[in-house]
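Undergrad: Supplied in structure tokens, the structure appears directly below.
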Amino acid sequence: MSNGANALIQTLVNAGITTCFSNPGTSEMHFVAALDTVPEMRAVLTLFEGVATGAADGYARMAEKPAATLLHLSCGLGNGLANLHNARKGKVPILNIVGDHATYHTQYDSQLQSDIETVARNVSPWVRTSKSTEALCQDAVEAIAACMGPPGQVATLILPADVSWGEGGVPKPAPKISPPPAADDATVAAIATALQSGGKTAILLGGRALRAPALMAVARIAARTGAKLFSEVFPTRLERGAGLPPVERIAYLAELASVQLAGLNNLILVDVKAPVAFFAYPGKKSYLVPDGCQLFELASIKQEVLGSLDKLSKAVGAAQAMPVLQALKRPGLPRGKFTADKVCKALGQLMPENAILVDEAITSGLMLAMYTAGAPRHDVITLTGGAIGQGLPSAVGAAIACPDRKVIALAGDGSSMYTIQALWTMAREKLDVISIIFNNRSYAVLNIELQRVGAGNVGEKARAQLDLRTPALDFVHLGEGMGVSSRRTTTTDEFVAALEHALRTPGPHLIEAIVPPTLAGLKLRVLPHILQSLANLPRPIANALKRKIAP
């Protein structure tokens with residue numbers, strides 16, 4: 001027999017969990033020591049718990065299996081909550097191992113004593129404190145089964161120190177995961193009838209439905225029936241590019257999303273919930289499904305996506321239909337004044353096949369989807385829960401999951417500072433990641449929201465809360481200080497040269513792009529008025545304005 005920590009790590013490896021992103025403390029020292037006894041487990045040190053949880057998220061999205069995190073007490077878990085929130089919203093499987101005080105020590109209420117389970121439940125549907133070394137590995141097996149789903153979810157196993165160091169641990173085999181059911185025949189028949197009714201119908205895809213096999217299946221259905229294909233606003237992982245079916249993402253701004261969905265008679269959901277606005281706004285709808293539109297759910301988050309689509313394909317006679325596929329089309333190298341749009345255009349021209357784009361560009365990435373649509377096949381990871389600070393950590397996890405693929409992370413200056421410590425882990429692990437930081441010296445998206453929520457005229461104190469100009473952030477020094485080769489670019493030509501260098505040179509790189517806010521000045525002032533008018537404009541004009549603002 002071994003101690004609890006050794007047995008736990010072997011149980012994780014037995015289940016295919018072979019990567020652990022860690023930020024340990026005193027209570028986790030036996031787990032740390034046990035890492036040397038199980039060579040199959042890769043341990044990746046992070047300098048902040050939000051990097052560990054975000055990296056585990058990015059890893060699981062690309063590896064298609066959970067990673068573990070090793071965190072210290074409720075304070076460490078609390079530091080990682082934002083990116084666990086993103087994972088929860090993205091239905092991403094993560095197993096948190098959170099160390100706790102020894103069971104007999106908790107009665108003394110020492111300085112770091114607190115209620116870990118309460119902290120965990122906000123982001124983790126499955127939570128358990130292991131009570132004994134003998135029960136630990138069975139607890140771990142149940143945690144693994146819970147996080148693998150479907151749906152994938154965050155599971156948190158709390159490991160008291162004496163349970164970890166105690167003798168008598170026995171590793172367990174991997175849990176048996178039952179395959180999820182496909183849609184029932186009655187649901188498929190009702191949806192097939194709606195698709196063949198002649199009304200305007202769209203299929204909204206999320207989660208597993210945005211992977212290549214499901215996309216090909218649903219594209220055949222669309223080709224046969226004329227249905228429009230949409231993706232959720234922030235997909236967990238979207239496969240796209242040349243040779244794959246193009247899918248239009250629902251816009252972040254609710255007014256633009258309403259333009260996309262206007263006139264629908266039927267909306268079919270596949271591994272996604274009905275679209276809603278991100279926030280409440282005075283006088284505006286929160287629920288974005290058009291009035292009178294009939295809603296159908298082909299596959300819930302607990303059902304099998306591909307099997308459900310195959311059944312629907314047969315029901316509408318689409319098995320032999322020819323899907324519309326995206327042609328290879330590069331946008332050309334950018335020229336002229338340096339802007340965030342030029343960065344997106346350069347990526348569309350230069351990014352290699354099988355790249356992984358981690359998109360936390362916020363307002364600077366408005367044109368990213370358009371310019372990269374015809375690029376070689378690639379994956380996109382997005383900010384599923386809206387909690388900024390995901391981009392750089394997720395790039396760490398994606399690069400460890402897919403070491404043979406180039407990872408390109410795009411982040412705003414403000415959002416990158418939430419988890420800038422991820423750069424150190426990129427350097428330590430020699431990861432092939434290009435981090436592009438859009439430095440517009442502003443929380444630009446909040447300037448937009450300030451206008452949209454109708455907060456009225458604001459003064460100097462209010463504007464200062466959204467301004468990052470003083471003192472100016474220096475990402476070249478930040479990157480170099482953590483061991484990442486870094487360049488500042490202030491012109492389009494400089495950026496293109498820096499990107500070309502980073503693409504041909506393995507290892508971590510940072511490119512700081514000094515760009516103006518995408519929406520500022522007159523554009524920012526008139527945007528709320530344009531958005532407000534969309535509902536009353538003729539549909540062709542509203543669609544044209546939507547494409548202009550966010551193609």
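The values are calculated or read from the model by the stated rules, or taken from the named source; none is laboratory data. Just so it is clear, the structure is predicted and the values come from calculations on it, not from any experiment. Cβ placement follows ideal geometry from the backbone for every residue including glycine, while neighbour counts extend to all protein chains displayed.
Undergrad: Looking at L499, L522, which one is out of contact with any helix residue (DSSP H, G or I) (no Cβ under 6 Å at 6 or more places or on another chain) and either over 24 Å from C402 (Cβ atoms) or part of a helix (DSSP H, G or I) (or both)? Give the steps one after another, and end with the answer.
TA: On the way: L499 fails: out of contact with any helix residue (DSSP H, G or I) (no Cβ under 6 Å at 6 or more places or on another chain).
Answer to the check: L522.
Undergrad: For the stretch 116-132, give me each residue that is in a loop (DSSP other than H, G, I, E, B) and within 28 Å of the chain's Cα centre (by Cα). First the steps, then the outcome.
TA: Step one: of the stretch 116-132, the residues in a loop (DSSP other than H, G, I, E, B) are 122-125, 130-132.
Matches in the stretch 116-132: N122, V123, S124, P125.
Undergrad: Being crowded, with 19+ Cβ neighbours inside 10 Å and part of a loop (DSSP other than H, G, I, E, B) is the filter here; which residues of the stretch 326-341 pass it?
TA: Step one: list which residues in the stretch 326-341 are crowded, with 19+ Cβ neighbours inside 10 Å, which gives 334, 338-341.
Result: P334, F338, T339.
Undergrad: Among the candidates L229, L215, L264, which residue alone is of a type outside the set (S, T, Y) and part of a strand (DSSP E or B)? Please lay out each step first, then the result.
TA: Numbers: L215 fails: part of a strand (DSSP E or B); L264 fails: part of a strand (DSSP E or B).
On inspection, the qualifying residue turns out to be L229.
Undergrad: Could you pull out the residue among L531, L510 that is assigned to a helix (DSSP H, G or I) and not polar (S, T, N, Q)? Show your work before the answer.
TA: Values: L510 fails: assigned to a helix (DSSP H, G or I).
The match here is L531.
Undergrad: Would you point out the residue of the stretch 14-53, among those that are closer than 17 Å to C137 by Cα and hydroxyl-bearing (S, T, Y), that is surrounded by the fewest Cβ atoms within 10 Å (Cβ to Cβ)?
TA: Ranking the candidates gives T37 first.
Undergrad: For the stretch 77-115, name all the residues that are under 25 Å from the mean Cα position of the chain (by Cα) and either aliphatic (A, V, I, L, M) or in the same structural domain as I381 (by TED's automatic domain parsing) (or both).
TA: First pass over the stretch 77-115, keeping only residues under 25 Å from the mean Cα position of the chain (by Cα): 77-98.
Correct list: L77, L81, A82, L84, A87, V92, I94, L95, I97, V98.
Undergrad: Okay, moving on. Could you please tell me which pairs satisfy a Cβ distance under 6 Å, a separation of 6+ or placement on different chains, a first residue in the stretch 380-401 that is part of a loop (DSSP other than H, G, I, E, B), and a second residue that is of a type in the set (D, E, K, R)?
TA: L383/E360; T384/K89; G385/K89; Q390/E360
Undergrad: Moving to a separate point now. Being assigned to a loop (DSSP other than H, G, I, E, B), buried (at least 18 other Cβ atoms within 10 Å of the Cβ) and of a type in the set (D, E, K, R) is the filter here; which residues of the stretch 296-325 pass it?
TA: E304
Undergrad: Taking T103, is it over 22 Å from P393 (Cα atoms), assigned to a loop (DSSP other than H, G, I, E, B) and either among the hydrophobic types (A, V, I, L, M, F, W, C) or touching a residue at least 40 places away in the same chain (Cβ under 8 Å) (or both)?
TA: Values: over 22 Å from P393 (Cα atoms): yes; assigned to a loop (DSSP other than H, G, I, E, B): yes; either among the hydrophobic types (A, V, I, L, M, F, W, C) or touching a residue at least 40 places away in the same chain (Cβ under 8 Å) (or both): yes.
Spelling it out, T103 is indeed over 22 Å from P393 (Cα atoms), assigned to a loop (DSSP other than H, G, I, E, B) and either among the hydrophobic types (A, V, I, L, M, F, W, C) or touching a residue at least 40 places away in the same chain (Cβ under 8 Å) (or both).
Undergrad: Considering only residues of the stretch 284-295 that are among the aliphatic types (A, V, I, L, M) and surrounded by 15 or more Cβ atoms within 10 Å (Cβ to Cβ), which is nearest to the chain's Cα centre (by Cα)? It would help to see each step written out before you state the result.
TA: First pass over the stretch 284-295, keeping only residues among the aliphatic types (A, V, I, L, M): 288-289, 295.
Checking the rest, the ones that are also surrounded by 15 or more Cβ atoms within 10 Å (Cβ to Cβ) come to 288-289.
Details: L288: 22, V289: 24 Å.
Only one residue tops the list, namely L288.
Undergrad: Continuing with this model, one more query. Restricting the search to the stretch 82-125, which residues are crowded, with 24+ Cβ neighbours inside 10 Å, within 30 Å of G206 (Cα to Cα) and not β-branched (V, I, T)?
TA: Of everything in the stretch 82-125, those that are crowded, with 24+ Cβ neighbours inside 10 Å, within 30 Å of G206 (Cα to Cα) and not β-branched (V, I, T) turn out to be N83, L84, N86, A87, G90, P93, L95, N96, A120, S124.
Undergrad: Do the conditions hold for G207, that is, is it surrounded by fewer than 16 Cβ atoms within 10 Å (Cβ to Cβ) and not assigned by TED's automatic domain parsing to the domain that holds M367? Please lay out each step first, then the result.
TA: Working: surrounded by fewer than 16 Cβ atoms within 10 Å (Cβ to Cβ): no; not assigned by TED's automatic domain parsing to the domain that holds M367: yes.
Here the answer is no, as G207 does not meet what is asked.
Undergrad: So, of the residues in the stretch 444-475 that are crowded, with 19+ Cβ neighbours inside 10 Å and among the β-branched types (V, I, T), which turns out to be farthest from S364 (Cα to Cα)?
TA: I448
Undergrad: Filter the stretch 14-35 for residues that are part of a helix (DSSP H, G or I) and not charged (D, E, K, R) and give the result. If you could, list the steps in order and put the result at the bottom.
TA: Of the stretch 14-35, the ones part of a helix (DSSP H, G or I) are 14, 26-35.
The answer is N14, T26, S27, M29, H30, F31, V32, A33, A34, L35.
Undergrad: Show the residue pairs meeting these rules: Cβ distance below 7 Å; 6+ apart or different chains; first residue within the stretch 343-368 and at positive phi; second residue in a helix (DSSP H, G or I) and polar (S, T, N, Q).
TA: If the second residue must be in a helix (DSSP H, G or I) and polar (S, T, N, Q), the pairs left are I362/S415.
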